[in-house]
Amino acid sequence: MRNDLSIYDTAAEQWWSDEVRWIRTLKNLVPGRLSWFDRHTDWQGRDVLDLGCAGGFMAEALAKRGAQVTGIDPAADAIAAARAHARSSGLHIGYDVGVGESLPYDTARFDAVVCVDVLEHVTDLDKVLSEVARTLRPGGVFLFDTINRNPLARLATITIAEDVLRLLPRGTHDPSMFIKPRELRTAMQGAGLLPGAFTGLGPRGINRRLDLTFGRLPLQTVLYMGVARKPDPAPETIA
């Protein structure tokens, strides 16, 4: 089975234990993502949606930066783990069970939407991007990462990461759902978002547990990050 999202509920009780290597890999991706995302917005006091939050790694990191965070994910057990850990950490984060294709939030609710390790899993990319645009305030930012679609990306993420190194469980990804950068730019424009800078994301080192650490890379061949903005409405002209 490919694009197996049941793994997030199956591992929910161990999400914050640091005992599962593939979950540690997801946790280790957060600093590398934020080192680039931080360049594109000021989190302090901002209303931020973590779309596809799983057990809450990114949501908690954003809350610690001063954002007012809401997280949403279809994995109910992972959401329960996220809620419990936020409470135990004294963090005020709102968590909901739901999908990106139908967000249960008012129009223009958020200053930023963060969406990592998600777009390559969704059933309808255009609907998700449309919902992102709808729930963003004018001038708001959409920050994301996803996986490029090409033979090298398939080799790196499926053959090596899943089958050989077991950095992720087998079946996590379906390579047919990977997204070329130009396709994503076109889809965002169709949703009313203005694409900005894209950059690569990948391994940059190894920590003391012999786990990979991650950061920005010049090439977008495998993983890539990006930013888009919801345009401000054109000012009315006075005749």
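The values are calculated or read from the model by the stated rules, or taken from the named source; none is laboratory data. Source: prediction; values computed, not measured. Don't worry about glycine lacking a Cβ; one is built from the backbone with ideal geometry, like all the others, and counts go over all protein chains shown.
Observations, loosely collected:
- From the list Arg166, Arg216, Arg149, the one residue that fits, being farther than 17 Å from Val113 by Cβ and surrounded by fewer than 15 Cβ atoms within 10 Å (Cβ to Cβ), is Arg166.
- Residue count for segment 1-23, restricted to those that are within 16 Å of Thr157 (Cα to Cα) and not aliphatic (A, V, I, L, M): 5
- Scanning segment 203-220 for residues that are under 15 Å from Arg149 (Cα atoms) and either acidic (Asp, Glu) or under 18 Å from the mean Cα position of the chain (by Cα) (or both) returns a single hit, Gln220.
- Listed by first and then second residue, the pairs with beta-carbon distance under 8 Å, at least 6 apart or on different chains, first residue in segment 48-73 and within 13 Å of Asp117 (Cβ to Cβ) and modelled with pLDDT of 95 or more, second of a type in the set (Phe, Trp, Tyr) and assigned to a helix (DSSP H, G or I), are Ala54/Tyr8; Gly55/Tyr8; Asp73/Tyr8.
- Some residue of segment 90-103 being at pLDDT 95 or above, over 22 Å from Asn28 (Cα atoms) and in contact with a Pro (Cβ under 6 Å, 6 or more places away or on another chain): yes
- Options Ala153, Ala191, Ala187, Ala133: the member that is touching a Gly at 6+ places or on another chain (Cβ under 7 Å) and more than 19 Å from Lys27 (Cα to Cα): Ala133
- Scanning segment 90-103 for residues that are more than 21 Å from Tyr8 (Cα to Cα) and in contact (Cβ under 8 Å) with a residue 24 or more places away in the chain turns up Leu91, His92.
- Subset of segment 93-106 that is in contact with a helix residue (DSSP H, G or I) (Cβ under 7 Å, 6 or more places away or on another chain) and farther than 21 Å from Leu5 by Cβ - its residue that is surrounded by the most Cβ atoms within 10 Å (Cβ to Cβ): Ile93
- Segment 110-133 residues that are under 18 Å from Met58 (Cβ atoms) and polar (S, T, N, Q), paired with ones that are surrounded by fewer than 24 Cβ atoms within 10 Å (Cβ to Cβ) and at pLDDT 95 or above (beta carbon under 7 Å, 6 or more apart): none
- Within the option set Gly90, Gly71, Gly32, being buried (at least 22 other Cβ atoms within 10 Å of the Cβ) and over 23 Å from Leu125 (Cβ atoms) holds for one residue only, Gly32.
- Matching residues, segment 170-189, being within 18 Å of the chain's Cα centre (by Cα), of a type in the set (Lys, Arg) and over 22 Å from Asp4 (Cα atoms): Arg185
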